[in-house]
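Worksheet for the structure shown next.
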Amino acid sequence: MLASINPLGERSRNRTWWVTVSWYIAGSIVGGALMGTAFGALGELVDLALSPTAAAVGVVAALLGVVAFLFELHVGGLVLPTVRRQVDEDWLSRYRAWVYAGGFGFQLGLGVVTVVPTATVYLTWVFAFLTGSWLGGLVIGATFGVARALPILLVSRVRTPGQLRDAMRRFAGWAPTARRASTAVSALVPLLVVLVAWSAS
């Protein structure tokens, strides 16, 4: 996405990058909020039907955090389930900026309709569900949408092909660190859930 929606590319399409990015971020927030709200509402229905205790919810959250951690480490050959599609870059030449930028952002905000790079994406929607509240799910989803979209700002200073190549090379170098950070988050989630449950008891 960073290689597609940047000041250099938008200038070549006679469009204003900041306007395009605004649509992209808005689309990601809407997509995330919609997905989070759906999972939160589903969790609310389950909560009304089963009335689980806070301790039970905490145990489920911690266990699923462990599962996410195991997927991140590929323990026992575990492979993260995901679709193989990406956003359709033909949209860049076919549609107006608000359509392709908003559409790309919306798909990435949903989190699971394009390649899922990390188990923390699934964990986000699990937590939205476990809030047992459409509002809680909305907050989690909207936050996810913001976090998913903000990296686009890293290319805000790209003006030449050389700068774009340098930026892409730099981002590729950050990939191992990002992977380790994602694994660390998956490892910390079960611990944090246990600590919160313990402090609330």
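For the chain, the membrane-span-like helices by this rule, meaning whole DSSP H stretches whose C-alpha atoms cover at least 20 Å of axis and whose Kyte-Doolittle mean is 1.6 or above, are 54-73; this says nothing about an actual membrane. Look at the dipole of the chain built from charges on Cβ: of VAL115, VAL158, VAL19, the Cα furthest out on the positive end belongs to VAL158.
Out of region 59-136, which chymotrypsin sites (Phe, Trp or Tyr not before Pro) are coil in DSSP terms and have no more than 11 other C-beta atoms within 10 Å? In loop regions of region 59-136 (DSSP not H, G, I, E or B), there are no sparsely surrounded chymotrypsin sites (Phe, Trp or Tyr not before Pro). Seen from all directions on average, the chain presents a Cα convex hull projection of 12.5 nm².
For SER12 and TRP174, what is the calculated FRET efficiency with R₀ set at 35 Å and r taken between the beta-carbons, to the nearest 0.05? FRET efficiency, SER12 to TRP174: 0.85.
Taking the Cα atoms of region 1-45, the ratio Rg/Rh between the radius of gyration and the Kirkwood radius comes to 1.26. A crude spin-label estimate for the pair SER156 and VAL46, with each label 7 Å from Cα along the Cβ direction, gives 3.9 nm. Note on region 115-185: with charges restricted to the Cβ of Lys and Arg (+1) and Asp and Glu (-1), its dipole about the Cα centre is near 380 debye. Placing unit charges on the Cβ atoms of the charged side chains and taking the dipole of region 7-200 about its Cα centre, the candidate lying farthest along the positive direction among ALA149, THR82, ALA97 is ALA97. GNM on the chain, alpha-carbon springs under 10 angstrom: the most fluctuating residue among THR118, THR131, THR82 is THR82. Taking Cα centre as origin and charging only the Cβ of basic (Lys, Arg, +1) and acidic (Asp, Glu, -1) residues, the dipole magnitude of region 1-101 rounds to 500 debye. Charges were assigned to the Cβ only: +1 to each Lys and Arg, -1 to each Asp and Glu. The resulting dipole of the chain about its Cα centre is roughly 940 debye.
Can you give the helix-only mean residue ellipticity at 222 nm for the chain, where every DSSP H stretch with n ≥ 4 adds -39500 (n - 2.57) and the sum goes over all residues, rounded to the nearest 500 deg cm²/dmol?
On the way: 8 runs with 146 residues, N = 201.
Mean residue ellipticity at 222 nm (helix-derived): -24500 deg cm²/dmol.
Bear in mind these aren't lab numbers, they're just calculated from the coordinates by the rules spelled out. The shown structure was predicted, so the numbers you read here are calculated from the model rather than taken from an experiment. Neighbour counts run over all protein chains shown; Cβ positions are idealised from the backbone, glycine included.
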